[in-house]
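Take a look at the structure set out below.
The values are calculated or read from the model by the stated rules, or taken from the named source; none is laboratory data. All of these numbers come straight from a predicted model, not from anything done at the bench. Here the Cβ is made from the backbone with ideal geometry for all residues, glycine too, and neighbour counts use every protein chain on show. For the accessible areas, the whole protein counts, side chains as well, though only heavy atoms, and no ligand, DNA or RNA atoms are used. Shrake-Rupley method; radii C 1.70, N 1.55, O 1.52, S 1.80 Å.
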Amino acid sequence: MLRLPLSCCRTAHAPGCEPPAPTRRAGAPARRAPRGLAWLRLAARPWLLAVALLFIALAAALPARAAPAASRPATPASAADGSDGAPLPSVDELRRRLDAIPAKLADDDDGRKLAAEANTIGAAADRLAAQRAADLADMDLRLQGLGPAPEKGAPADPPDVAQQRAALARQRSAIDGELKLARLISVDAAQRGNELTRQRHAQFQAALTSRTDSPLSAAFWRNLRNASPGDRARLQSLGLDLRDAVQDSLVPERRSTFIGSLVAALLLVVAGTWLAERILVRLLPVHLPTTRLRRSLLAAAAIAANVLLVGAAMQLAWGALAGELTEPLQALERASVRASAYAAFVITLGHMLLARRRPSWRLLPLSDAQARRLAPYPWWLALLSAASTLAVDVNAIIGASLAAEVFTHALFALLIPAMVALLLVSARQRPDGAPPAPTAAPDGTALMNVRPLWLGALLAGAALAVLAAVLALLLGYVALAGMLARQTVWFGVVFATTYLLSMLVEDLSEALLSSQGAVGRHLHSALGLEGRLLDQLAVLASGVLRVLLLFYMVIALMAPFGTGPDELFRRGSRIDGALKIGDFVLSPQALATAALILVGGFVAIRLFKGWLSERYFPNTALDPGMRSSITTLLGYIGGVVVIAIALAGLGISVERIAWVASALSVGIGFGLQAIVQNFISGLILLAERPVRVGDWVKLGDTEGDVRRVNVRATEIQVGDRSTVIVPNSEFITKTVRNMTLTGAQGRVQLSLPAPLDTDARRMRELILQAFRAHEAILAEPAPVVQLDGIHNGTLTFIATGWVASPRSAGGTRSDVLFAILDALRAEGLYLSPPATTFVTPGGLDGPPGEAAERAPAPL
């Protein structure tokens, strides 16, 4: 938005308020800025850029007028300040430029431009100071290389060394002086810019609170009638300049070029925008997945394409004029290009949000009938806003009278609120009083047409602004009424743009970073990140980007109230601000550095651990337990190093960390005693490795396989596949039985009682055959069957065999026992029950019909 002219704060009866009419210069043409198509720098998708380049190439094929090199403007301040690689200005030059900026703004001064110039000088002074500081450090190193200066009474340096030392000392003194002056200029420029900004705010407020004749009074129209001859003459002067430029372009040798350029510009506006939207609608469903990203990306791409094409068309139309334009025409050209681009942006934004002809692509929760009723209003509001800003610019170009400026503000302060009021009335209407029917998105998602709270608040605020603008206009506060009228539209454009961008960043985050997105799938395969973690990352990225959008939305909303977008964006994006807490300085740059170190460090640790586990350790003779312990230890060490480096990036040194740790030692000793004990125990387990991953351990009533040794607790998987979390201190302070610490073999041992009259040798052979026949029983050491003794008329055999692992002992024991029972029954031998066990006749351990106290012995 263009700034409000401060001349409106003057009264219509002030003497000398009408400047003299400007005279036409018939001599040398004014210097003119380059007229290249700057829109080609737009960062768009390759296919969108290709479409835009196609139309621009068609237009550029027509010969256009090129400005000679002699008419190029002087080097801008940014280049002269060395921001693009040019040499930095001297201290004297910076001081001269700063002194040329007035300390107090006049009524006709552009405060925003002067404040920006002061900020530019301050930035150049900072760069010059940084360069001189580096030169000073280099000079100190050179002086240090010559050695210390001889003390009084000591032998003097050789003449060449003394001469070189004196020359370096003089250079150092000059550099140090420039460094101090540059820092002083930086401080003065910052103070001058802040003072100009404060004065500009005061002038803006004075302009809004000033009162002129009301349009309902006769004095208002009398002043306009009296000033109309002079304003008409000034406007005719501008028209004569434009007519001369057109006539020069219509000469026979240039007529075809001029007409061809105008036709090409018209094709870009009409056919180009229509074709660009059709191409986007056809390409997006093919190249994008079936998600909500299609709608939001189509809207953003269409807005960018239309602004690009309309701006290029307007630039091409002006470029068709032959010869060099006068300075007023150059200003009119810039104003018309800005106004046309703004109108194209607003129209396309409203068209894409409403999507009157494509309900499935609609971004706003509106019914089809509501979308059709609201469709014309973006056009009218865009044209009225663009015409308002263009009229203000024309008044400034021709030097119109105060009465003409007041009339311009009053006219658009009446037309724009009237159009906004019609828009609000149409937005509240519903067909037949029924709620709107839901629509469906391209991905099949139903869109309920329920008005959100923020939209209702926005409409209510617009209604209040319309009433305030009309009331201020009737009371004679024309400047305030014009500002309210224009900013009502501006607020709507900002809110609509933020709504579109918020949907775009949400859809992009979901499509790219979620577990179903392209980037998310690559992260899952490359880093092994879980899908749930990727979904959380997508939601977090969307939230951060939305907060950033809200921040800049507030900046854009505040821009018209006496503060320019350049100033607010500079404040919002500066990274040299700092928050001081005691001796600790917390700056945004340090926070960003620490965050990057943390993210990059932990990603590098994860990649390194994956490389160790998957690439390096498989080529070594280390067992899995040792591999897991080394990987875990290196991960903890790397995490500590990364956190220490991140804290150093914040300015927190190791000494401060040690001081904080010592200050908290008492609290750690009492409040975190158990956690610290388990942590130290975990480090001992990882270092000494009495328990490793894969070991079969027994700790109290818990028996199972060690699956993971963490820094605080150890995970043990028991027989029912459940996991027991055991604190690491339990492994240090209690007795632990490790079945596989030294590669111990499993033992299968059976206690088999038999009657006293049993053939002991035969029974021994059958038991040994059953053990030897099982494939899990090891041949070395060989199985053994021993006669343990005779108790109460019962022979007790102890059979022992060994297996490769204790984990297979249970199954092997069952298989061998089945084989022994089958072999004994086939030979007519039976086992004897314990003395305390009684069985009924006909049991397994006695012949049929014979009562015996026999049963399978407990194993």
With every protein chain in place, the accessible area of Glu530 for a 1.4 Å probe, in Å² rounded to the nearest 10, comes to 110 Å²
Sort Arg721, Arg356, Arg338, Arg165 by accessible area with a 1.4 Å probe, largest first. Arg721, Arg338, Arg356, Arg165
Probe 1.4 Å, all protein chains present, accessible-area order of Val736, Val263, largest first: Val263, Val736
Under a point spin-label approximation (7 Å from Cα along Cα-to-Cβ), what is the Lys698-His522 distance to one decimal in nm? 5.4 nm
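Please label the shape of the range 150-263 as rounded, prolate or oblate, based on the square roots a ≥ b ≥ c of the eigenvalues of the alpha-carbon gyration tensor (a/c under 1.5 means rounded; beyond that, a/b larger than b/c means prolate, else oblate). Before the final figure, lay out each step's value.
Working: a/c = 6.09, a/b = 1.98, b/c = 3.07.
Oblate, since a/c reaches 1.5 and b/c is not below a/b.
Quick one: if the Förster radius is 35 Å, what FRET efficiency do Leu467 and Ala369 give, using the C-beta to C-beta distance and rounding to 0.05?
On the way: r = 27 Å, r/R0 = 0.77.
Result of the calculation: an efficiency of 0.80.
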Probe 1.4 Å, all protein chains present, accessible-area order of His774, His791, His522, largest first: His522, His791, His774
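Using only the alpha carbons of the range 678-744, what is the convex hull's orientation-averaged projected area in square nanometres? Please report the intermediate quantities before stating the final value.
Working: hull surface 16.0 nm².
Computed as one quarter of the Cα hull surface, the answer is 4.0 nm².
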Considering only protein heavy atoms and a 1.4 Å probe, what is the carbon-and-sulfur percentage of the accessible area of the range 715-782? 46 percent
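Any idea what the alpha-carbon Rg over 2.2 N^0.38 Å comes to for the range 265-329? Provide the component values of the computation, followed by the final result.
Details: Rg = 16.3 Å, N = 65, 2.2 N^0.38 = 10.7 Å.
For the range 265-329, the normalised Cα radius of gyration is 1.52.
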Between the range 593-609 and the range 325-362, what is the separation of their alpha carbon centroids in Å? 45 Å
Whichever lysines have a C-alpha closer than 20 Å to that of Lys113, once near sequence neighbours (fewer than 8 apart) are set aside: Lys104
Extending each Cα 7 Å along its Cβ direction at Gln536 and Ala457, get the distance between those two points in nm, one decimal. 3.0 nm
Round to the nearest 10 and report in Å² the accessible area of Trp490, as given by a 1.4 Å probe over the protein chains' heavy atoms. 50 Å²
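With the cut-off at 1.5 for a/c, could you classify the range 118-197 from its C-alpha gyration tensor as rounded, prolate or oblate? All intermediate terms of the calculation are to be shown ahead of the outcome.
Numbers: a/c = 4.73, a/b = 3.59, b/c = 1.32.
Prolate.
Set the Förster distance to 41 Å, then compute FRET efficiency between Ala782 and Arg712 from the Cβ-Cβ distance, nearest 0.05.
On the way: r = 46 Å, r/R0 = 1.11.
Between Ala782 and Arg712 the formula returns 0.35.
Rounded to the nearest angstrom and ordered from largest down, what semi-axes does the equivalent ellipsoid of the range 289-433 get from its C-alpha gyration tensor (root of 5λ)? Please report the intermediate quantities before stating the final value.
On the way: eigenvalues 230, 105, 14 Å².
After diagonalising the Cα gyration tensor, the semi-axes are 34, 23, 8 Å.
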Per-residue SASA entry for Ser509, accessible area with 1.4 Å probe, Å² rounded to 10: 10 Å²
Which of the lysines could a cross-linker bridge to Lys180, judged by Cα under 16 Å and excluding same-chain residues fewer than eight apart? none
For Lys734, go through the lysines and keep the ones whose alpha-carbon is under 29 Å away, minus same-chain ones fewer than eight residues off. Lys698
